[in-house]
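> Have a look at the structure that comes next, please.
The values are calculated or read from the model by the stated rules, or taken from the named source; none is laboratory data. Just so you know, these numbers come straight off a predicted model, no measurement behind them. Glycine also receives a Cβ, built like all others from the backbone with ideal geometry; neighbour counts cover every protein chain displayed. When the accessible area is computed, the model is the full protein with side chains, heavy atoms only, and any ligands, DNA or RNA have been set aside. Shrake-Rupley method; radii C 1.70, N 1.55, O 1.52, S 1.80 Å.
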Amino acid sequence: MATASFSDKIRIRLKAYDYRVLDQSTSEIVETAKRTGARLAGPIPLPTSKNKWTVLRSPHVDKKSREQFEIRTHKRLIDILQPTGKTIEALNKGLSLPPGVDIKIRVLAGNA
């Protein structure tokens with residue numbers, strides 16, 4: 001992602017278990033993109049995925065007693081429509097995300 005022409009688009013996808021940390025990271029990316037003069041779409045909240053597990057509390061006496069756990073993965077999508085050189089440089093150097101936030105950055109062609 002070293003260079004992007006003006007017809008390219010940058011798609012940033014964020015995932016986290018804690019929505020507050022995710023929203024804070026998203027607002028930091030949006031602020032950075034706006035400060036460098038790029039047009040952007042988003043942040044778009046994507047559907048939250050829920051993973052559920054059921055575990056036996058005790059394997060012997062209380063076999064019918066179960067315990068249930070759930071983990072939710074929150075997702076956000078940001079499209080930077082007209083990135084400038086300053087935008088790419090600011091995202092590469094100045095972006096410090098808190099732990100627990102997964103980020104994927106893709107450069108898409110203008111017609112995609």
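> What is the chain's relative contact order, in percent, from Cα pairs under 8 angstrom and six or more apart in sequence? Mind dumping the intermediate values first?
Numbers: 204 pairs, mean separation 53.7, N = 112.
Computed value for the chain: 48 percent relative contact order.
> Lys/Arg Cβ at +1, Asp/Glu Cβ at -1, dipole of the stretch 1-79 taken about the Cα centre: which of I44, S65, S25 is farthest positive-ward?
The residue sitting farthest along the positive end of the dipole is S65.
> Follow-up question, since we're still on this one. Taking all protein chains in place and a 1.4 Å probe, what share, in percent, of the accessible surface of the stretch 10-58 do carbon and sulfur account for? Each step should come with its number before you reach the end.
On the way: 1550 of 3170 Å².
With neighbouring chains kept in place, the figure for the stretch 10-58 is 49 percent.
> Skip the ligands, DNA and RNA, and give the accessible area per residue of the chain with a 1.4 Å probe, whole Å².
On the way: 7620 Å² over 112 residues.
Value returned for the chain: 68 Å² of accessible area per residue.
> Mind listing which chymotrypsin sites (Phe, Trp or Tyr not before Pro) in the stretch 10-108 are in a DSSP loop and have 15 or fewer other Cβ atoms within 10 Å? Intermediate values should be presented prior to the final figure.
Working: sites: Y17, Y19, W53, F69; in loops: Y17.
Those satisfying the criteria are Y17.
> Each label point is 7 Å from the Cα along the Cα-to-Cβ direction; what then is the distance between the points at K34 and K15, in nm?
Result: 2.8 nm between the two label points.
> Let me ask you something else. Just the number, please: carbon plus sulfur as a percent of the accessible area of the stretch 64-112, 1.4 Å probe, no ligands or DNA/RNA counted. Mind showing how you got there, number by number?
Working: 1520 of 3220 Å².
Carbon plus sulfur share of accessible area: 47 percent.
> Using the Cα atoms as the points, what is the convex hull volume per residue of the stretch 50-112 in Å³? Walk me through the numbers before you get to the answer.
Values: hull volume 7.9 nm³, N = 63.
Each residue corresponds to 125 Å³ of Cα convex hull volume.
> Separate question: State to the nearest 20 debye the size of the charge dipole of the chain about its Cα centre, where the only charges are +1 on K and R beta carbons and -1 on D and E beta carbons. The partial results should precede the final answer.
On the way: 21 positive and 11 negative charges, 72 e Å.
Magnitude of the dipole: close to 340 debye.
> Another question, if that's okay. In the stretch 1-78, which trypsin sites (Lys or Arg not before Pro) are in a loop and have at most 10 other Cβ atoms within 10 Å, using DSSP for the loop call?
Values: sites: K9, R11, R13, K15, R20, K34, R35, R39, K50, K52, R57, K63, K64, R66, R72, K75, R76; in loops: R39, R57, K63, K64.
Answer by residue number: K63, K64.
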